[in-house]
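Engineer: Here it is: the structure, laid out below.
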Amino acid sequence: MHRDVERRFFVIDDLSHLASAQAYALGATHVLMADRSLSALPTFFIQPSSLIAEGSIEEAVLGSIQELKNATMAFASGGEVDVASLESCADPTISALTQNGISGWLDVVRGHHEATYQHALLVTGVLVDFGISLGLRPADLRTLHLAAMLHDIGKAKIPIGILDKPGRLADTERAIIELHPVIAFEALKRNSRVPPEVLDAVRHHHEYLDGTGYPDRLSGAQISDIARMTTIADIFGALIEERQYKAAMPREQAYGVLRQMTTRLEGALVGAFEAVALER
Ligand SMILES: [Fe+2]
Ligand SMILES: [Fe+2]
C-alpha cells in the first residue's frame, strides 16, 4: 500500500455501504461506482474547498446558529421550515471543515454562548466532516449537512422540562422524547424542499443494526447508509457535548464508546470514522 500517495481511487461494482466501507478500510480515499461514477472522475481531482468559496469557521457557525434558530421557531409554531436558508449554510460549513478539520469547528461551537443549538451544530460539523473524510462529492456533503441540521428539529415540540431534565427519565418521559424523529418526519415530509435521504436520516437516526433502536425497530440492511452515518455522528456529538449537568467527554473516550457498540453500529463505518474522531 502506498501510504505516501495522497489519493487512492477504488472502483467497486456494488455501491453498497459495505463495499465502500471495505474500500475505505483498505486505504481508499475516494470510491467510485464502476458503471456510474467513472464519467465523474475528473471532478474528484478538484478538492471541495476549491469548488466552494472560502470563509471562516466563526462566520459559518454564526450563520448556522441564526438559521437553526429560524428553522426551530418556524417548526415549533407549525410553520414551514425555510430549507433554502438552511442550505445556504452548507457551503460555508463544508469550506470551513475542509480547510480546518473538525477540531476548530468544535472549539468555536463550544466557545459560543448559545447552548440551545450546540448539539445540532456539533452533529452537523461531525457528520459533514465524516463525509469529507470519506471523499464524498459536494452534493452529498450538502445532503449530510441538511440531515444533520434537521435531525433533532422534532424536539422543538417536546416540553423543555423533559428535554433538559438531568438524571434518569421516567418511562413515560422517555417515550415522549422518543417521538421526536416521527414528529419531525411527519412535518417535513410535507415540505417539497426536503429530499427523501434527509427525511430518512431524520426518521431513522436512532435505529440500530441489532433492531433495538426506534421508532421503527429497523435492523441490518433496512437501515440506509445516511441513517447509519447520522447515528454515528449523533452519538459522538452527544458524548462530546458539554451540558449544565455533564462535562464534555474527551474525543478519544467518545470514540471508544462507539467502538464498543459492535452489535448496534456498523464496524467498517465506525473504523472509517476514526479519522474524524481522533485526527482531523
Ligand atoms: Fe435524535
Ligand atoms: Fe441528536
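Here, each number is a calculation from the coordinates, and none is a lab measurement. Computed from a prediction, not measured in an experiment: that's the story for all the values here. Because the Cβ atoms are built from the backbone with ideal geometry, glycine has one as well, and the counts that use them run over all protein chains shown.
Engineer: Would you mind computing the Rg to Rh ratio of region 47-279 from its alpha-carbon coordinates, Kirkwood style for Rh?
Structural biologist: My calculation puts Rg/Rh at 0.93.
Engineer: Using only the Cα atoms of region 166-280, build the gyration tensor, take square roots of its eigenvalues as a ≥ b ≥ c, and label the shape rounded, prolate or oblate: rounded if a/c is under 1.5, else prolate if a/b is larger than b/c, else oblate.
Structural biologist: Oblate, because a/c is 1.5 or more while a/b does not exceed b/c.
Engineer: Kindly give the semi-axes, whole Å and largest first, of the ellipsoid equivalent to region 106-194, taking each as the square root of 5 times a Cα gyration tensor eigenvalue.
Structural biologist: They are 26, 19, 11 Å, listed from largest to smallest.
Engineer: Ranking E197, E252 by Cβ neighbours within 10 Å, fewest first, what do you get?
Structural biologist: Placing the least packed residue first, the sequence is E252, E197.
Engineer: Now for a different question. Compute the relative contact order of region 47-279 as a whole-number percentage, counting only Cα pairs closer than 8 Å that sit 6 or more residues apart in sequence.
Structural biologist: 17 percent
Engineer: How many percent of all Cα-Cα pairs in region 67-121 sit more than 16 Å apart?
Structural biologist: On the way: 778 of 1485 pairs.
Cα-Cα pairs of region 67-121 separated by over 16 Å account for 52 percent.
Engineer: With a point put 7 Å past each Cα toward its Cβ, work out how far K246 is from N70 in nm, to one decimal.
Structural biologist: 3.1 nm
Engineer: Work through the residues other than L209 whose Cβ is under 9 Å from its Cβ and net out their charges, Lys, Arg +1 and Asp, Glu -1.
Structural biologist: Values: positive: R228, R264; negative: E207, D210, E266.
Counting the neighbours of L209, the net charge comes to -1.
Engineer: Just order 169-179, 263-273 by mean Cβ neighbour count inside 10 Å, highest at the front, would you?
Structural biologist: 263-273, 169-179
Engineer: If I take R0 = 25 Å and measure r between the Cβ atoms of D216 and A238 in this structure, what FRET efficiency does the formula 1/(1 + (r/R0)^6) give, to the nearest 0.05?
Structural biologist: About 0.75, to the nearest 0.05.
Engineer: Between Q253 and E274, 0.36 nm times their residue separation minus their Cα-Cα distance comes to what?
Structural biologist: Working: separation 21, 0.36 × 21 = 7.56 nm, distance 1.19 nm.
Gain on extension, Q253 to E274, equals 6.4 nm.
Engineer: Would any residue of region 55-85 have its amide N under 20 Å from a label point 7 Å out along Cα→Cβ of R190? List them or say none.
Structural biologist: 70-85
Engineer: Given a Förster radius of 51 Å and the C-beta distance between R174 and S56 as r, what FRET efficiency does 1/(1 + (r/R0)^6) yield to the nearest 0.05?
Structural biologist: Efficiency for this residue pair is about 0.80.
Engineer: Points 7 angstrom from Cα along the Cβ direction at E114 and A19: gap in nanometres?
Structural biologist: 4.2 nm
Engineer: So, in nm, how far is label A84 from label T262 when the simple model puts each one 7 Å beyond its Cα toward the Cβ?
Structural biologist: Modelled inter-label distance: 5.1 nm.
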